[in-house]
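Okay, so here's the structure we're looking at.
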Amino acid sequence: MKTSKLLSLLLLLTVMMSPLRAEDESQATVRHLLLEVKAIPATAQEGEGAFAYNDYNRKRIVSLVRNNALLLATDDEVTELKEAGFAPTILMESDDELTLYRRALYGPSLKPDPVYHTYDQITARAEELMRQRPDLMVRFQIGETTQFHRPIYAYRLSNAAAQVHDRPAILFDGCHHADEVMGAEIVLSLMEKLVAGYGEDPLVTKWLDTLEIYLVPVVNVDGHTYVNSGHDPRWRKNARDVNGDGIVGVFPEGVDVNRGYSFNWAMGGTNDPDGASFRGAHPFSEAENRAMQSLADQRQLLMSISYHSQGEVIYYPWIWGKMAAPDDKVIKRIATDVAAHITRMDGEGTYAVSPGGPSSQSYPWFYGRRGVLDMIIETGKGSHLFPPEDVPGIIAENLKGITAFIAHADGPGLSVRVTDAVTGEPLHAQVWLPRIDNESVDRRFSDAQFGRARRLLDPGEYYLVVSCEGYETEVYPALEVGVEGWTVLEIKLQPSTISRKISAR
Ligand SMILES: [Zn+2]
């Protein structure tokens with residue numbers, strides 16, 4: 001092609017594209033400066049204030065920790081800030097937005113601080129702990145990641161961890177959201193505390209002697225690896241190649257695995273693949289969610305906490321329209337107690353509590369479908385990756401929250417064991433409190449392994465119905481649940497006359 005022809009073609013292309021380009025520029029402001037602004041007053045951080053931090057739109061304010069903001073800006077915005085009386089410092093200038101985010105969230109090294117553990121480091125440390133105390137901790141794979149097929153591990157801890165025991169089981173998990181890395185750090189610290197504390201710390205010893213504790217330090221392993229390898233500190237979703245073009249790791253691709261559970265799935269997140277909370281193609285489309293489902297299938301859990309960042313608030317199930325969850329009083333009581341034990345980063349007061357929505361996230365599914373008393377704790381304030389000096393404090397405070405949470409595994413509540421009256425075999429029976437449970441939650445069952453169903457309740461009188469196909473239904477119209485501990489009930493179901501006739505033939 002001759003030069004003149006090439007030039008005219010280029011000219012034509014330029015003319016054709018220019019209206020589009022002008023439109024694009026008017027829509028997206030290109031910010032090439034990273035600023036630090038210190039000592040931002042509280043009033044500027046609220047509502048329409050210039051420094052209102054928003055989890056889901058960090059196009060301008062990247063973080064706001066301890067009243068110090070890191071934000072992206074244009075030259076004009078710097079001038080505006082100065083005119084408004086702020087004193088911005090320019091930390092970095094770059095046309096590459098990702099570099100600015102790395103500087104803001106990782107610090108001057110542009111790499112994650114070593115205070116944050118990679119998944120490989122977490123796995124290696126867990127292996128070390130299991131070598132030290134194989135009696136206390138076992139690992140099992142619950143699934144693999146959607147994109148890179150990495151193993152997703154769960155750990156079971158008790159004084160005899162190789163076996164499953166008929167005890168209250170509690171789960172702690174981290175990092176459904178890749179960049180909310182405090183979850184992995186808190187769960188890893190709990191693992192260290194449990195192994196080191198057994199036989200030394202009376203409380204830890206009691207926990208492992210009487211409970212089973214399950215840990216999933218990282219649910220979204222692929223996304224967490226993007227964040228903790230230095231690839232991209234903004235990564236929230238998993239690593240799925242959503243558009244199938246074979247190119248992965250380009251922000252904001254992926255599926256939000258905390259919008260992937262099958263509880264009001266269509267009500268949660270967005271169907272926009274570029275959205276921060278893209279819910280994927282269908283419920284349980286993501287292998288990370290199926291891994292958590294598999295864990296819930298393997299073990300009936302009593303309680304669980306899922307760690308996120310940020311906000312210094314505990315979300316519990318739920319407010320649905322104007323309706324609270326059937327177990328609202330008990331869940332709220334426990335969430336409030338846990339929150340009261342976790343001091344905020346500013347040292348002024350403790351975490352807040354709030355009922356969350358009823359859709360697609362982990363806590364409505366674990367509660368509504370599986371009868372687990374589940375909550376999300378949004379750790380820290382103003383960022384997802386916190387400055388390294390803030391990490392030990394956030395962990396220590398949340399370990400206090402865990403201690404408060406675990407104390408509730410002692411009841412009050414109802415502990416029912418359902419067996420076949422003839423054979424003594426445990427039964428997978430429906431254990432129904434019809435005056436509490438409504439159609440918003442699935443019916444609860446005793447586990448097939450032990451015939452056990454535990455339920456945390458306020459002390460008082462309850463109407464209980466226990467039924468199992470092939471057995472006579474048992475009804476307890478006025479069952480008294482005591483003020484302290486577990487009220488234990490052994491229920492031996494009689495095979496029904498119909499099934500007796502069938503088996504007699
Ligand atoms: Zn989150």
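Here are some notes:
- Net charge dipole, segment 311-458: roughly 500 debye, given to the nearest 20, about the Cα centre with Cβ charges of +1 for Lys and Arg and -1 for Asp and Glu.
- Part-to-part distance (alpha-carbon centres) for segment 124-184 and segment 88-109, which is given in Å: 35
- When DSSP beta bridges are restricted to pairs lying wholly in the chain, around 60% turn out antiparallel.
- Of all DSSP-defined beta bridges confined to segment 413-504, some 70% are antiparallel rather than parallel.
- Our analysis of segment 413-504 gives Rg over Rh at 0.99, with the two radii drawn from alpha carbon positions and Rh computed by the Kirkwood formula.
- The charge dipole of the chain, taken about its Cα centre with unit charges on the Cβ atoms of Lys, Arg (+1), Asp and Glu (-1) only, comes to about 1100 debye.
- Along each principal axis, Cα extent of segment 119-409, largest first, Å: 54, 46, 39
- Student exercise, segment 413-504 dipole from Lys, Arg, Asp, Glu Cβ charges, in Debye to nearest 20: 240
- Neighbour net charge for Leu456 - beta-carbon separation under 13 angstrom, K R +1, D E -1: -1
- Semi-axes of the equivalent ellipsoid for the chain, computed as √(5λ) from the eigenvalues of its C-alpha gyration tensor and ordered from largest down, come to 48, 26, 22 Å.
- Amide H contacts of Glu144 (H built 1.01 Å from N, in plane; Pro and chain starts excluded): Ile152 sit under 5 Å, all sequence-distant by 5 or more or on other chains.
- Label separation (Glu480 vs Asn271): 5.5 nm, computed from points 7 Å beyond Cα along the C-beta direction.
- Cβ crowding within 10 Å ranks Asp76, Asp120, Asp173, Asp420 as Asp76, Asp120, Asp420, Asp173, fewest other Cβ atoms first.
- Exposure proxy ranking, count of Cβ atoms within 10 Å, fewest first, for Glu192, Glu348, Glu97: Glu348, Glu192, Glu97
- Under-5 Å amide H pairs with Thr270, H placed in peptide plane, nonlocal only: Ser277, Phe278, Arg279
- In range of the label at Thr89: residues from segment 377-402 whose backbone nitrogen is under 19 Å from the point 7 Å along Cα→Cβ: 386-390
- Fewest-first sequence of Tyr155, Tyr316 by Cβ atoms within 10 Å of each Cβ: Tyr155, Tyr316
- Mean residue ellipticity (222 nm) of the chain, computed from DSSP H runs ≥ 4 via -39,500 (n - 2.57), nearest 500: -9000 deg cm²/dmol
- Karplus 3J(HN,Hα) series, Hz, for segment 159-167 with 6.51 cos²θ - 1.76 cosθ + 1.60 (x for Gly, Pro): 6, 9, 6, 5, 9, 8, 10, 7, 9
- For Arg452, distant residues with modelled amide H under 5 Å away: Val418, Asp447
Each reported figure results from applying straightforward, stated rules to the coordinates on display, with no laboratory input. Predicted, not measured: the structure shown is a model, and the values here were computed from it. Here the Cβ is made from the backbone with ideal geometry for all residues, glycine too, and neighbour counts use every protein chain on show.
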